[in-house]
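All remarks here apply to the structure that follows.
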Amino acid sequence: MNYHIVTYGCQMNLHESEKIAGILREKGFESESSLEDADIIVFNTCCIRENAENHAFGNIGALKKLKAKKKSLLIAVGGCMAQEEGKAELIRKRFPFVDIVFGTHNLPSLGDLIDQKRVRRRAVVQIAEARECVEDGVTPVRTSYPNAWVNIMYGCNNFCTYCIVPYVRGREKSRKAQDIISEVAALLQEGYKEITLLGQNVNSYNSDGQGGMSFPELLDAVASLDGKFRLRFMTSHPKDFTEEVAVVMARHKKISPHLHLPVQSGNNRILSLMNRRYTREKYLAEIEMLKKHLPDCEVTTDLIVGFPTETESEFEDTLRLVEEVGFSSAFTFVYSPRTGTKAASMEGQIPEEVQKSRIIRLVDLVNRKTREKSAEYVGRTVEILCEDYDEKKGYYLGRDAYGRMGYFQSEKNRIGEFITLKITKANGISLYGEAQD
Ligand code: SAH
Ligand code: SF4
Ligand code: F3S
């Protein structure tokens, strides 16, 4: 029996799809296959922006024919969109052929839900209010070697006014530091070379007192484990980023000198309306502090344009901030109203044409900055961790410590190795080079 998982959204979801695969393996689904050959298809959905939802709806709808042809096929829909208020009913109504709908907090029960569905005709729907237990007891089938994702906490307490995450992921719950450290130690034993610690706001790790230590202490402990590996973490919230974290980052070569620090906007009035609880000045001061400890550090960010009431000059503050900070890259988004969030019912929603013109200008600027940074790499050597082979291009690829993609050619398989590349060409965010050994 085969399975196929379709994932939308962030790293958190990618890792949860690995957990879903773990559950399916335990239930006797032996291997991953194409959509057509699968005996169970699981959609792990995202609802961060409207287009993420539309994507999922389109793809689920497209399965109607397949299901009609193959009655035994099981279709399950889980993840953030399934957890959203009213969405489970909507999914059931629009897609009566869906067999199982499960919320973000119900992932560990997926195996039981499959059993239930096998003995009844009607769809099985389970959406819990909150996460029951921090440890989910699931062994993931990891698909991202040489990188391994490790959750350090779940949920979010911040309620940024545009964001749906706190509603679909619940309040912050931290895993015990000892459990995290043991998991990482075991992954290193298995040969993983890069560990990414995951949380919506890693700097508030242990806010519930359940972790047993603070985030900088945890980072220090994980980075002190033996072996050659790279340690990354995401995401940091500027309101909680502290000097202690910067000090730990500077202390350990194993911690990538890269910080993903979403700023969202460069204007204080908009930041306040977003409930981000920092100012442009505080953000800039944090970057300066970080550079003092780690002069080589690069910063990436997330930006939103067209938040309700954002004026032209407030948008330009964001452009100016991008110029000033010199992010090595940035994810840029058009504000998307999410039902149930505070911003969705604010007056002064920005018309689509205005949003479009703003995002085009912002993307142009961000791309120019990224190209400039990448061009500086030509002639330098960088160390990348080889993670894949691109058959179409005929290149191996991997990332440097900053997350920049490097491509090279090789006669033998280099996946999982640290490679020193002499960079010969830069193309947008990608670097091309020659392996030095
Ligand atoms: N916890 C992380 C990010 C979570 S979502 C943090 O706080 O930084 C990832 C990004 O999606 C956010 O940083 C934000 O830029 C964007 N985003 C979230 N809600 C959005 C919305 N309603 N419209 C547009 N972009 C949104
Ligand atoms: Fe959303 Fe803000 Fe929480 Fe990030 S910190 S997940 S943007 S509410
Ligand atoms: Fe991630 Fe999307 Fe959920 S960004 S936490 S999968 S809403």
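The values are calculated or read from the model by the stated rules, or taken from the named source; none is laboratory data. In this text the structure is predicted, and so the values were computed from the model without any measurement. FYI the Cβ positions are ideal-geometry reconstructions off the backbone, even for glycines, and counts take in every protein chain you see.
So the values come out like this:
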quantity: Matching helices (runs of 4 or more DSSP H) fully within the stretch 212-287 where at least 1 residues are in the same structural domain as Gly306 (by TED's automatic domain parsing) and surrounded by 20 or more Cβ atoms within 10 Å (Cβ to Cβ); calculated: 268-273
quantity: Subset of the stretch 322-355 [within 16 Å of ligand 2 (Cβ to nearest atom) and of a type outside the set (A, V, I, L, M, F, W, C)]; calculated: Thr332, Tyr335, Ser336, Pro337, Arg338, Thr339, Gly340, Thr341, Lys342
quantity: Search result, residues across the stretch 420-430 that are within 26 Å of Gly227 (Cβ to Cβ) and crowded, with 20+ Cβ neighbours inside 10 Å; calculated: Leu421
quantity: Glu310 within 22 Å of Gly348 (Cβ to Cβ), of a type in the set (Asp, Glu) and buried (at least 21 other Cβ atoms within 10 Å of the Cβ); calculated: yes
quantity: Of residues in the stretch 144-159 being over 15 Å from Ala186 (Cα atoms) and under 15 Å from the mean Cα position of the chain (by Cα), the one nearest to ligand 1 (Cβ to nearest atom); calculated: Cys156
quantity: Test: residue in the stretch 42-64 that is buried (at least 22 other Cβ atoms within 10 Å of the Cβ) and over 18 Å from the mean Cα position of the chain (by Cα); calculated: yes
quantity: Number of positions in the stretch 9-61 that are within 22 Å of Pro108 (Cα to Cα), more than 16 Å from ligand 2 (Cβ to nearest atom) and part of a loop (DSSP other than H, G, I, E, B); calculated: 6
quantity: Scan of the stretch 102-132 for residues that are without any contact (Cβ under 8 Å) to a residue 40 or more places away in the chain and hydroxyl-bearing (Ser, Thr, Tyr), ordered by number; calculated: Ser109
quantity: The stretch 88-109: number of residues that are outside any strand (DSSP E or B), under 22 Å from the mean Cα position of the chain (by Cα) and not small (Gly, Ala, Ser); calculated: 5
quantity: Residue ID - nearest to ligand 1 (Cβ to nearest atom), chosen from residues in the stretch 160-192 that are outside any strand (DSSP E or B) and among the charged types (D, E, K, R); calculated: Arg169
quantity: Number of positions in the stretch 68-87 that are within 20 Å of Gln200 (Cα to Cα) and over 30 Å from the mean Cα position of the chain (by Cα); calculated: 0
quantity: Failed condition for Arg338, given (1) in the same structural domain as Glu314 (by TED's automatic domain parsing); (2) more than 30 Å from Ser272 (Cα to Cα); (3) part of a loop (DSSP other than H, G, I, E, B); (4) not polar (S, T, N, Q); calculated: (2)
quantity: Residue satisfying condition, being over 17 Å from Arg368 (Cβ atoms), of a type in the set (A, V, I, L, M) and touching a Cys at 6+ places or on another chain (Cβ under 8 Å), within set Leu294, Leu290; calculated: Leu290
